[in-house]
Amino acid sequence: MRAIYKKELRTYLTSMTGYIFMAVLLAVASLYYAANCLIGGYPVFGVVLSSVYFVLLIIVPVLTMRSLAEEKRQKTDQLLLTAPVSIWKIVAGKYLAMLTVFLIPMLILCLYPLILLQFGSVSLPMAYSAVAGYTLFGSACLAVGMLVSALTESQVIAAVLTFGALFFLNMSTGIADLLGAEGIFLSILSAICIYEPFVNFVQGIFDMTGVIYYVTVIVLCLFLTAQLLYKKHGTYRASMSVFACAAAVLLNLIVASLPSQYLKYDVSEQQIFTTGEQTAEVLENLDEDITLYLIAQQGSEDATLLELLERYEGLSEHITVETRDPVLYPNFVSQYTDESLSENSILVVGQERSRAIDYYDIYQYSMDYSTYSSSLDSFDGEGQITSAIDYVTAEEIPVLYTLEGHDEASLSSSVTSSIEKENIEIESLNLLTNETVPDDAAVLLIYGPLSDVSEEEKNKILDYMNQGGQVVYLRGYTDQETPNLDSILEEYGIATVEGIVLEGSSDHHLAGYPYYLLPNINYSDYTSDAASRYVLLAFAEGLTEAGGEEDEESEDGLTYESLLTTSSEAYSKVNLESENLEMEDGDIAGPFDLGAASTKTVNEEEGTEAKLVVFASETLLDEQVDAMVSGGNSTLFMNVLSQLVDHESTVSIEAKSMAVSYLTVTAGSAIFWGILTVIVIPLFLLCLGGVIWYQRRKR
């Protein structure tokens, strides 16, 4: 085999064929590399390789067409077959020679991601996963080309047939969609598509099922090639070929049935295919069957979502994943929801309830109003799916009532989404029209009212709390007196301080804005998830304990707990018309609490407790303020809700950022590396091949 390998490799490297193959592959790949990575600053190298897969359909036939067809045409195949070398070694030697020619430009392409490192952050695992996938894809194409070359004596026919075969094998899923294929025919066309496994490698999955698939294709093609050559000796056995094909299909079916977490490794920078501890905990506690339906037309399934759903299926025997085509099943979605779902939305169906997850709740986009264009901001697949599974299996769903009728602030869409992900239903409540707070209220939210509640409303709230109710109150900055709301606080041992809190410590406010406060976060069950983060509040009123010692129960059964605290240099600015932000006469010296929780025992025999959690400013839930501390405010708020509704742990899994950190490539660097990769290296290979070919001709 070594002699055959050396002979074939020498043939490729002493003629122009091998050099043209390498030069064209590098030139086209480098052109996309320069456009996307050097000029565009895009740091994902896999995009380059996914864009140039079509090049192999064109240049592989050039390399493989002569491998066996030329031997037949010149009748030198008889010499090979009578040589003291087995046919398997002949086939393997020729294939390895072609593979070596292909690996040379692939090794050069391996340097391209390293070049980008000098311009910014590049995920090398993702880059080399894509390189590995492209190498396997190209190796399979070479094996197909060699098999076709064994069918004919004409190089031209071999090249045309190889192109046709590769085109069909790459486009088979598209052909299935075009023909509207179903059943076994669709399965066959999907299985023979040699491009589909490559997609996973580009997306950031090192896919062992893809590796096994490509190796199977290579071995099967080489085996069939050997069988074609055996036919010349009258020993060709059709039964062996059928057996080999059946074995290849069976092997891939077995591998495909194995749990994906054992065969597919997430190397993506964002780890979008990796599920966390919260998901593992939810799935571990499953005791009923759940079906995850991907609502998508045949052939239009989102590959990322399919992969993630397969991960869930592999993590629990209670989870089944199915796809439903809305064209074939037009009434399917309406059985579970009245919502109009987008393509590639997900339905999570349990024994008693279901939840729909719209595609645009999973892929979250941000709008650039300067250009009126949107861009993918984050991927919330795990958060939405895990939350939905927890929802459909929950025994009871807690309800959060938001008080209205006093110019309260409105919950933003992101906060609403986070609450719903925590599997808490949201209802509005007007106590002027409702006689009481509903019995199913797990929490009553009073969010930034600008006017006071009435005496009657105050009594309704206190009645609710005296039955073990729970209230979260975010103070709203207003110049109106709010005696009834203040009396609720006083009932639970919390007093407010006149004025607006300003920070005297530069470590506890935003630079230049002493009223944008960064308080100390005191450890508590309410703050555990936010303990290592920042919380930002603006235009806040100071809070203090009305009496008694903190964390000690008073005679009337009250326990006060400080959650957020200013520094000792903080002060409350009483004269709000003053332009002097420094502390002056009449201002009240700190420190103050900016967040506090009060617990009151309302029935010792039954152990019933009422809870009031107060934050000094409604800006805790302001989207822009929350963004300044990377979601620290919303994390704290969701932690508070989780504790109040007795969720052992929050399932509000944060969305995974899909924002791209573009490379900073100077014009000079882009020109230098662009010319080197697009022109110099391919031209060097062509010149080298030309010199060697010319010298060989002269000899």
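Points worth noting:
- Criterion (modelled with pLDDT under 85 and of a type outside the set (Phe, Trp, Tyr)) met by exactly one of Leu253, Leu220: Leu253
- Any hit, segment 364-380, residues being small (Gly, Ala, Ser) and in a helix (DSSP H, G or I): no
- Any chance Thr209 is assigned to a helix (DSSP H, G or I) and touching a strand residue (DSSP E or B) at 6+ places or on another chain (Cβ under 9 Å): yes
- Filter result for the condition that a residue is in contact with a Pro (Cβ under 7 Å, 6 or more places away or on another chain), in contact (Cβ under 8 Å) with a residue 60 or more places away in the chain, β-branched (Val, Ile, Thr) and part of a helix (DSSP H, G or I), over Thr100, Thr173, Thr162: Thr162
- The residue that is surrounded by the fewest Cβ atoms within 10 Å (Cβ to Cβ), counting only those in segment 558-609 that are of a type in the set (A, V, I, L, M) and assigned to a loop (DSSP other than H, G, I, E, B), is Leu576.
- Taking (1) over 28 Å from Leu68 (Cβ atoms); (2) crowded, with 18+ Cβ neighbours inside 10 Å in turn, Asp177 satisfies each apart from (2).
- Search result, residues across segment 297-312 that are in contact (Cβ under 8 Å) with a residue 24 or more places away in the chain, farther than 19 Å from Glu277 by Cα and not acidic (Asp, Glu): Gln297, Gln298, Gly299, Ser300, Ala303, Thr304, Leu305
- Just one of the numbered conditions (1) closer than 21 Å to Ile20 by Cβ; (2) outside any helix (DSSP H, G or I) is not true of Phe167: (2).
- Considering the conditions (1) over 26 Å from the mean Cα position of the chain (by Cα); (2) in a strand (DSSP E or B), Gly405 is excluded by exactly one of them, (2).
- So Leu147, is it in a helix (DSSP H, G or I), among the hydrophobic types (A, V, I, L, M, F, W, C) and in contact with a Ser or Thr (Cβ under 9 Å, 6 or more places away or on another chain): yes
- Only residues that are in contact with a helix residue (DSSP H, G or I) (Cβ under 7 Å, 6 or more places away or on another chain), surrounded by fewer than 19 Cβ atoms within 10 Å (Cβ to Cβ) and within 28 Å of Pro197 (Cβ to Cβ) were counted across segment 322-357, and they come to 3.
- Condition met for Leu450 (surrounded by fewer than 19 Cβ atoms within 10 Å (Cβ to Cβ), at pLDDT below 90 and over 30 Å from Tyr336 (Cα atoms)): no
- Test: residue in segment 256-268 that is among the hydroxyl-bearing types (Ser, Thr, Tyr), in a helix (DSSP H, G or I) and over 20 Å from Tyr213 (Cα atoms): no
- Segment 453-473, subset in contact (Cβ under 8 Å) with a residue 60 or more places away in the chain and crowded, with 19+ Cβ neighbours inside 10 Å, residue nearest to the chain's Cα centre (by Cα): Val472
- Residues that are at pLDDT 90 or above, in a helix (DSSP H, G or I) and either outside the structural domain of Gly133 (by TED's automatic domain parsing) or over 20 Å from the mean Cα position of the chain (by Cα) (or both) do not occur anywhere in segment 285-302.
- Entry remark, segment 420-442: residues being in contact (Cβ under 8 Å) with a residue 40 or more places away in the chain, of a type in the set (A, V, I, L, M) and surrounded by fewer than 21 Cβ atoms within 10 Å (Cβ to Cβ) number 2 in total.
- Looking only at residues in segment 259-288 that are surrounded by 19 or more Cβ atoms within 10 Å (Cβ to Cβ) and of a type in the set (Val, Ile, Thr), the one that is farthest from Val199 (Cα to Cα) is Val282.
- Qualifying residue in segment 439-449 (condition: under 26 Å from Gly542 (Cα atoms), in the same structural domain as Glu498 (by TED's automatic domain parsing) and assigned to a loop (DSSP other than H, G, I, E, B)): yes
- Any hit, segment 388-401, residues being assigned to a strand (DSSP E or B), closer than 25 Å to Leu644 by Cβ and either touching a helix residue (DSSP H, G or I) at 6+ places or on another chain (Cβ under 6 Å) or among the aromatic types (Phe, Trp, Tyr) (or both): yes
- Checked against the criteria, Gln270 does not count as within 19 Å of the chain's Cα centre (by Cα) and closer than 20 Å to Asp390 by Cβ.
- Filter result for Ser652 (buried (at least 21 other Cβ atoms within 10 Å of the Cβ), part of a loop (DSSP other than H, G, I, E, B) and modelled with pLDDT under 90): yes
- Among (1) buried (at least 20 other Cβ atoms within 10 Å of the Cβ); (2) in contact (Cβ under 8 Å) with a residue 40 or more places away in the chain - the single one Gln384 does not satisfy: (2)
- Of the residues making up segment 192-213, those that are surrounded by fewer than 17 Cβ atoms within 10 Å (Cβ to Cβ) and either acidic (Asp, Glu) or closer than 30 Å to Arg66 by Cβ (or both) are Ile192, Glu196.
- Out of Pro113, Pro125, one residue alone is out of contact with any helix residue (DSSP H, G or I) (no Cβ under 8 Å at 6 or more places or on another chain), under 18 Å from Val267 (Cβ atoms) and assigned to a helix (DSSP H, G or I). It is Pro125.
- Some residue of segment 161-172 being of a type outside the set (A, V, I, L, M, F, W, C) and surrounded by fewer than 15 Cβ atoms within 10 Å (Cβ to Cβ): yes
The values are calculated or read from the model by the stated rules, or taken from the named source; none is laboratory data. Only a predicted model underlies this, so the values are computations on that prediction, with no experimental measurement involved. Ideal geometry is used to build each Cβ from the backbone, glycine not excepted, and the neighbour counts take in all protein chains shown.
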